[in-house]
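Below: the structure, in structure tokens.
The values are calculated or read from the model by the stated rules, or taken from the named source; none is laboratory data. On a predicted model such as this, the values are computed, not experimentally measured, just so you know. Please note: Cβ atoms are built from the backbone with ideal geometry, for glycine as well, and neighbour counts cover all protein chains shown. Note: areas computed on protein heavy atoms with side chains; ligands, DNA, RNA excluded. Shrake-Rupley method; radii C 1.70, N 1.55, O 1.52, S 1.80 Å.
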Amino acid sequence: MEILTIIAIVVAVILLCIFFYFVPFSLWLSARVSGVRISLIQLFLMRIRKVPPSVIVNAMIEAHKAGINISRDELEAHYLAGGHVVRVVHALVSASKADINLSFKTATSIDLAGRDVFEAVQMSVNPKVINTPVVSSVAKDGIQLLAKARVTVRANIKQLVGGAGEETVLARVGEGIVSSIGSSESHKSVLENPDSISKLVLSKGLDAGTAFEILSIDIADVDVGKNIGAQLQMDQANADKNIAQASAEKRRAMAIAQEQEMKAKAQEAKARVIEAEAQVPLAMAEAFRNGNLGIMDYYRMKNMEADTNMRQSIAGPVKVDNEKK
């Protein structure tokens, strides 16, 4: 009998636990005390739909206390769609206290888009400062400048869905800094008036189509880099020098080739002369055999040749012996 009593008590406890799990009476009591009307059947059906009743009820209590009217069906639908109910309600309460016009539909669309809607509302109240990386640009005088900027932005609630993020803002600000420095006549003017960069960049409306509103752009630091103009001139001079050297080498190679060609032609002509001279004795021998040339004619020719050589030696320059000198 005692064993049956213990079993009955255990079964009763288990049934009570199951009952209070599916019918959270304490949560219903908290909602009633807070002024939120919700039935036990609705809490039971939330368990069946696999929606945590504590999340929905606590969100409804927070919204009710802040004077925001949100129905249970809207919160359940947003939870089932994969949204963050707590963040959305926190964002709505913060927006209401800060007099920011934010509807439940807009807040849920921002949350489902993957953005933190509560952080966006906080950024609307407290603007955020974004530090840009070092931006390198060259003025018209060829001097490189390295600039850093601080961009103060505020979240634009209306543009959070589909609007560009911080990366786009930083890219546009960097582009504006490069354009502003590049249009300056001298780097000295930029160093003297760095605020001219921020004014020019801010006037371009860089926050169009982004999820932020740019409040101010402040140039934090400007450093002088390399003399890019002089470096480019040196590189151009070296390139021209290499081109000139290549052209000179080409002309030298052509001259050497022409010289070799002339030498080859001279050697060929000399070979022809030697070949012609070799024909002379043969012609003289043929003349002797045919009787066209006599012995006396040959001696007269030799005498004339010797006389010609003597005259050439007399008329030519005098050779001085180096040892006697």
Checklist entry - What's the center-to-center distance, using Cα atoms, between the stretch 199-215 and the stretch 35-97 in Å? => result 37
Checklist outcome for this item: Given the candidates L29, A237, V85, the one whose Cα lies deepest towards the positive end of the charge dipole of the chain, counting +1 at each Lys or Arg C-beta and -1 at each Asp or Glu C-beta, is L29
Checklist entry - How much net charge surrounds M234 when only the other residues with a Cβ under 15 Å from the Cβ of M234 are counted, with Lys and Arg +1 and Asp and Glu -1? => result 0
Next on the checklist: Here is the link list: K270/K302; K50/K128; K250/K270; K97/K128; K97/K158; K128/K199. Which ones come out longer than 28 Å on Cα distance?
Outcome noted: K50/K128; K250/K270
Checklist outcome for this item: Sorting I14, I214, I157 by the position of each Cα along the dipole of the chain (Lys, Arg +1; Asp, Glu -1; all at Cβ), the one nearest the positive end of that ordering is I14
Next on the checklist: Straight-line reach only, C-alpha to C-alpha below 14 angstrom: list the aspartates and glutamates that K204 could link to, leaving out same-chain residues fewer than 8 apart.
Outcome noted: E175, E213
Item to check | 14 Å beta-carbon shell around S136, net charge (K/R +1, D/E -1) | outcome: -1
Item to check | Listed peptides 281-287, 207-213, 161-167 by packing density, highest first (mean Cβ within 10 Å) | outcome: 207-213, 161-167, 281-287
Checklist entry - Based solely on its DSSP helices, what 222 nm [θ] is calculated for the chain when runs of n ≥ 4 H residues each add -39,500 (n - 2.57) and the sum is averaged over all residues, nearest 500 deg cm²/dmol? => result -21000 deg cm²/dmol
Item to check | Straight-distance crosslink candidates among aspartates and glutamates, where the alpha carbon sits under 18 Å from K105 and sequence neighbours closer than 8 are dropped | outcome: E62, D73, E74, E76, D116, E119
Next on the checklist: Let's see if you can work this out: charge +1 on each Lys and Arg Cβ, -1 on each Asp and Glu Cβ, no other charges. What is the dipole magnitude of the chain about its Cα centre, in debye to the nearest 20?
Outcome noted: 260
Next on the checklist: At 1.4 Å probe radius, can you tell me the per residue accessible area of the chain in Å²?
Outcome noted: 67
Checklist outcome for this item: Long-range amide H partners of I130, meaning residues 5 or more apart or on another chain whose placed amide H is closer than 5 Å, are V151, T152, V153
Next on the checklist: Using a 1.4 Å probe on the protein heavy atoms, what percent of the accessible area of the stretch 103-262 belongs to carbon and sulfur?
Outcome noted: 52
Checklist entry - So for the chain, taking the charge dipole from beta-carbon charges (+1 Lys/Arg, -1 Asp/Glu), which of I56, S189, V169 sits furthest toward the positive end? => result I56
Next on the checklist: What's the magnitude of the charge dipole for the stretch 180-275 around its Cα centre, counting Lys and Arg as +1 and Asp and Glu as -1 at the beta-carbon? Answer in Debye, nearest 20.
Outcome noted: 1000
Item to check | Two-site label geometry, A164 and A271: point separation in nm, points 7 Å out along Cα→Cβ | outcome: 7.8
Item to check | Relative packing of 300-311, 43-54, 115-126, which averages over residues the other C-beta atoms within 10 Å, highest first | outcome: 115-126, 43-54, 300-311
